[in-house]
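Okay, structure first, notes after.
The values are calculated or read from the model by the stated rules, or taken from the named source; none is laboratory data. None of these values were measured; they are calculated from a predicted model. Note that we place each Cβ from the backbone using ideal geometry, even for glycine, and neighbour counts take in every protein chain shown. Areas reflect the complete protein model, heavy atoms only, side chains present, ligands, DNA and RNA absent. Shrake-Rupley method; radii C 1.70, N 1.55, O 1.52, S 1.80 Å.
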Number of protein chains: 8
Amino acid sequence: MTLQVYLSGEIHTDWRETVMAGCEGLDIQFSAPVTDHPASDDCGVAILGPEEKKFWHDRKGAGVNAIRTRHLLEQADVVVVRFGEKYKQWNAAFDAGYASALGKPLVILHPEEHGHALKEVDEAANAVAETPEQVAQILRYVLTGRLPG
Amino acid sequence: MTLQVYLSGEIHTDWRETVMAGCEGLDIQFSAPVTDHPASDDCGVAILGPEEKKFWHDRKGAGVNAIRTRHLLEQADVVVVRFGEKYKQWNAAFDAGYASALGKPLVILHPEEHGHALKEVDEAANAVAETPEQVAQILRYVLTGRLPG
Amino acid sequence: MTLQVYLSGEIHTDWRETVMAGCEGLDIQFSAPVTDHPASDDCGVAILGPEEKKFWHDRKGAGVNAIRTRHLLEQADVVVVRFGEKYKQWNAAFDAGYASALGKPLVILHPEEHGHALKEVDEAANAVAETPEQVAQILRYVLTGRLPG
Amino acid sequence: MTLQVYLSGEIHTDWRETVMAGCEGLDIQFSAPVTDHPASDDCGVAILGPEEKKFWHDRKGAGVNAIRTRHLLEQADVVVVRFGEKYKQWNAAFDAGYASALGKPLVILHPEEHGHALKEVDEAANAVAETPEQVAQILRYVLTGRLPG
Amino acid sequence: MTLQVYLSGEIHTDWRETVMAGCEGLDIQFSAPVTDHPASDDCGVAILGPEEKKFWHDRKGAGVNAIRTRHLLEQADVVVVRFGEKYKQWNAAFDAGYASALGKPLVILHPEEHGHALKEVDEAANAVAETPEQVAQILRYVLTGRLPG
Amino acid sequence: MTLQVYLSGEIHTDWRETVMAGCEGLDIQFSAPVTDHPASDDCGVAILGPEEKKFWHDRKGAGVNAIRTRHLLEQADVVVVRFGEKYKQWNAAFDAGYASALGKPLVILHPEEHGHALKEVDEAANAVAETPEQVAQILRYVLTGRLPG
Amino acid sequence: MTLQVYLSGEIHTDWRETVMAGCEGLDIQFSAPVTDHPASDDCGVAILGPEEKKFWHDRKGAGVNAIRTRHLLEQADVVVVRFGEKYKQWNAAFDAGYASALGKPLVILHPEEHGHALKEVDEAANAVAETPEQVAQILRYVLTGRLPG
Amino acid sequence: MTLQVYLSGEIHTDWRETVMAGCEGLDIQFSAPVTDHPASDDCGVAILGPEEKKFWHDRKGAGVNAIRTRHLLEQADVVVVRFGEKYKQWNAAFDAGYASALGKPLVILHPEEHGHALKEVDEAANAVAETPEQVAQILRYVLTGRLPG
């Protein structure tokens, strides 16, 4: 048994590394969006030419990024979505909704204080974690049946 | 030609009424989530019994609300998602992602300043409007071919 | 907004009538399996000829009943599954699994003491109720946004 | 030709080992739910924190287990579901219904005396066996065209 | 509860009329392929111009007929396929396979002596009848729960 | 039996009127894209504000028009696509491909001289007509079994 | 580019060997139903116990065989269906209908004289061949772009 | 992360080679239709026998080619469609529509002057490029997150 796990959401902390470290030795292929923030913002205009309006600048980049993110969401066996402390993070919630409609098992990761605002997202999830270590423990259990400790 | 239009998102202004008023005379069936905020928050415990933990209080309510919202999303021919000035509104972005994965035509409605934060959501949309009047004009054009003015 | 609600499961108490009575005035079309137990058991052989082996007697009947139950499951907007006090009720759990795989919103209705044995079924549900009155209240809320009391 | 076979249901006897032993030499990848009963019951709270109420204790565990079981059901080419002598085994029937709605070929394994209670489940199956040896013989025939004896 | 029932297969006897007569008073919409044999054979060339080769003469007609038959198969809630005494009737078996892959409940109607040749088709069916009267009784039971006699 | 027929493609001749006139008395609901060429070209900017670049002017309009055309394609039972004498008509071919992937019965209408260039499109079709009168005759036959003359 | 090709239909001549010989060197994985006629007829009762009635004898076998055939049909990239000179071959036509509903590219292989009786099946096909050598040539062209001779 | 990329459309320039050269070192499997124009035109009659009418000559070839092109479209993770300077190229637009309905990420490649005529096709795309070098840069970014320059 092998798993494709897509790690969506927050790109400003090292939570992905923590999840991956906690999964050492497991048969998991992790994937993620492009986490280089400036590249992600500018990929559209850098390749396809500049735009004067910010709106189309963003559109071009979002279109290119969606090639990657949609592909990875569709391929994933499990989707983990992280909501951090800051920012609107609407793309994280969008990914969660998209994954949910595809019937993908969802793990949502967020600090406790976001609980009420994320209640619809959490409800669609198989598990709601507060730390990336817990995400790793879930994945280890799913693959091996072994519990922590 | 008739349309089922689901109006998702913000529940603290009268944008839904403005859209509907602008669509008078058109063959459209509008639907929406429960917009009575306290009822929406408490429906789970009010019917199925109280919970001490806020997390499960929210979970029960979100589960019941999802019966309505998923049904309406699946039935809709067009999904309009409104992001207002305030709050996290992750459920709005979740609905947009869900609708997008189902292949529903999407109209996103938000103030200009949210453009960058919503770029992934906007990219998935057929149209991005700034006012509910524009949404009504889009629906009128889609149904009749007539433009405003 | 109208709902097709399929009432699956236990056929030895009047829980369906209680749900329907509690939904008076709502725009709901209820459906159910054939609840005449002897007819349900014998429909196959009564129409298509007798079988000596009980196994094929049952198979013929189950095939005919499945024409109705699969059709109603596929048409339903919401599926309610009732587990009563007695019997194995594997067909109820089968229906719950079938409905879940189709992405139908599920309401599970069972006495509290079945909770542990039904935990996988409950987990797939939008709501878990203990009384048919609660089911009616859920449906009323889903359709009208109004809470009991 | 290779097969992914998911062995669902009863976890208190060694029927899975018997099926696997009978399939030696065949190109089959077997999978199963977590069969360590205490780990399966407690995985949710062990990883995500304790719950006072048994209902939520169970819910957390069922959510985590469903990541594994849904994934394996979706990946499977053939689903075998075993109903043993004891317990309610509603999760087994739920899995059978889920697999059936996905269009997976089903083999049901149960003692003869459960025949009437399982008639709807059996009707959805390609084959109904009474022993794990028969399941192995079916899989051998499916892969090689060779019959026993 | 209403049913769309597609009556596929043999066009040289009045079995469709017998089924429909036996269903008087039920809420069923019956449909069928074009049963005017010469019209069915020649519709392609009659409308779109003649062909010298019989193969393309047939192809044109089959293409036009498939507009009707595919539409009715997709719309049907139940598909009944009749195999008569004579002819190859490969289109009937094709329809049965097509309906089966769509997950439609199937009723197969054929004389007993075709049993072995039709075993794969029968296996995919919910019910195998020998007379059109039995088909009507099945439909009556499915809709009303009432058995004959 | 009723049919939803979407008439896609060329908007500069009255072929739609000819098809509809030839179908008088039949139970068909015809639909079409917006055929007012300037409105179709400018709907995006007329409603959502002007664009300096022609590319985004076109994008906005195409997004709005796609709300209508995708909806009608998805709802259609039969899709007719007309290729006229002039212009590139890539949107007509796009619609044909889209409808084909959805499994919709397709009727292609074009002058004989376009045959070679349209061979891939024609191959995906149930029927290839040269005149709108033939399209009407096909629809009449599909609904009634009656041939012209 | 690799292809999974399922060779369905007639089991009394060596047409499968001829197709495979003609495809030497190509990256194709061929599959087929069990072609040992007695094993195929008796697999159900040989494994699951005898039946007095021929009908249930056949049913048991057909159920077991369907595990293999449905799996191979679903996995196939191309389905080839052979209709021979003799027998009813309804299972071949059933497979063709099943494959067609799944959207699989179909190649039909039959002697010219069956053309009229198979016109609905041929119409659903990408190609209609008269010899297994032609089938091999089609597969070689599809994989390499090279034509015979 | 690996990608299957289907390069559809124009076959008279070396744009495919340019894309592939620009993707050196990336984990991409490229595929394409048969680009040998005479073979593509004549494959049907070369294998399955000559036709007097050009229409059926074309039909036979298109049917055989569709085995390859549909397979590759369905397998692809990303579909690139090139519209060149010349010809009608309706098959390219058909492929784009087909891929769009399947939900495949689309990259459209065309000279600027085709922008207005391709606006519906462009609207369905994730990215619109003018040069094959840009297509390669998009694919490199999607796989590695690295931007050119």
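For residue F:96, the conditions (1) open to solvent by 20 Å² or more (accessible area, probe 1.4 Å); (2) in contact with a helix residue (DSSP H, G or I) (Cβ under 8 Å, 6 or more places away or on another chain) are fulfilled apart from (1). The number of residues in segment B:99-117 that are in contact (Cβ under 8 Å) with a residue 40 or more places away in the chain and surrounded by fewer than 19 Cβ atoms within 10 Å (Cβ to Cβ) comes to 0. Residue count for segment A:70-82, restricted to those that are closer than 10 Å to residue A:8 by Cβ, facing another protein chain (nearest Cβ under 8 Å) and either of a type in the set (Asp, Glu) or crowded, with 24+ Cβ neighbours inside 10 Å (or both): 0. Just one of (1) within 13 Å of chain E (Cβ to nearest Cβ); (2) more than 14 Å from the chain's Cα centre (by Cα) fails for residue G:99. It is (2). Do we have any residue at all in segment F:58-65 that's more than 15 Å from residue F:7 (Cα to Cα), in contact with a strand residue (DSSP E or B) (Cβ under 6 Å, 6 or more places away or on another chain), in a helix (DSSP H, G or I) and modelled with pLDDT of 95 or more? Within segment F:58-65, one or more residues are more than 15 Å from residue F:7 (Cα to Cα), in contact with a strand residue (DSSP E or B) (Cβ under 6 Å, 6 or more places away or on another chain), in a helix (DSSP H, G or I) and modelled with pLDDT of 95 or more.
Residue count for segment A:83-93 under the criterion of being touching a strand residue (DSSP E or B) at 6+ places or on another chain (Cβ under 9 Å), open to solvent by less than 10 Å² (accessible area, probe 1.4 Å) and facing chain B (nearest Cβ under 7 Å): the result is 1. Note on segment D:5-48: residues that are more than 17 Å from residue A:142 (Cβ to Cβ) and part of a loop (DSSP other than H, G, I, E, B) total 9. Within segment G:75-112, being within 17 Å of residue G:3 (Cα to Cα), touching a Gly at 6+ places or on another chain (Cβ under 8 Å) and assigned to a helix (DSSP H, G or I) holds for one residue alone: G:99. Inspect all residues belonging to segment H:44-67 and state whether any of them is within 30 Å of residue A:65 (Cα to Cα) and facing another protein chain (nearest Cβ under 7 Å). Checked segment H:44-67: no residue is within 30 Å of residue A:65 (Cα to Cα) and facing another protein chain (nearest Cβ under 7 Å).
Scanning segment D:134-149 for residues that are surrounded by fewer than 23 Cβ atoms within 10 Å (Cβ to Cβ), part of a helix (DSSP H, G or I) and at the interface with chain G (Cβ under 7 Å from one of its Cβ atoms) turns up just one, D:134. Taken across segment E:17-33, residues that are at pLDDT below 95, more than 15 Å from the chain's Cα centre (by Cα), under 30 Å from residue E:147 (Cα atoms) and open to solvent by 10 Å² or more (accessible area, probe 1.4 Å) do not occur at all.
Please list, ordered by first then second residue, the pairs with beta carbon atoms under 6 Å, 6 or more apart or interchain, first in segment F:9-36 and farther than 18 Å from residue F:129 by Cβ, second in a helix (DSSP H, G or I) and open to solvent by less than 30 Å² (accessible area, probe 1.4 Å). Cβ pairs passing all conditions: F:31/F:72; F:33/F:69; F:34/F:40. Return the total of residues in segment F:113-133 being more than 8 Å from chain H (Cβ to nearest Cβ), under 15 Å from the mean Cα position of the chain (by Cα) and in a helix (DSSP H, G or I). Residues meeting the conditions: 1. Per the conditions (1) of a type in the set (Val, Ile, Thr); (2) open to solvent by 30 Å² or more (accessible area, probe 1.4 Å); (3) within 10 Å of chain G (Cβ to nearest Cβ), the sole criterion not satisfied by residue E:11 is (3). Filtering segment H:15-30 to residues that are within 22 Å of residue H:74 (Cα to Cα) and among the acidic types (Asp, Glu) leaves only H:27. The residues in segment F:37-69 that are more than 14 Å from the chain's Cα centre (by Cα) and either open to solvent by 40 Å² or more (accessible area, probe 1.4 Å) or of a type in the set (D, E, K, R) (or both) can be counted, and the count is 14.
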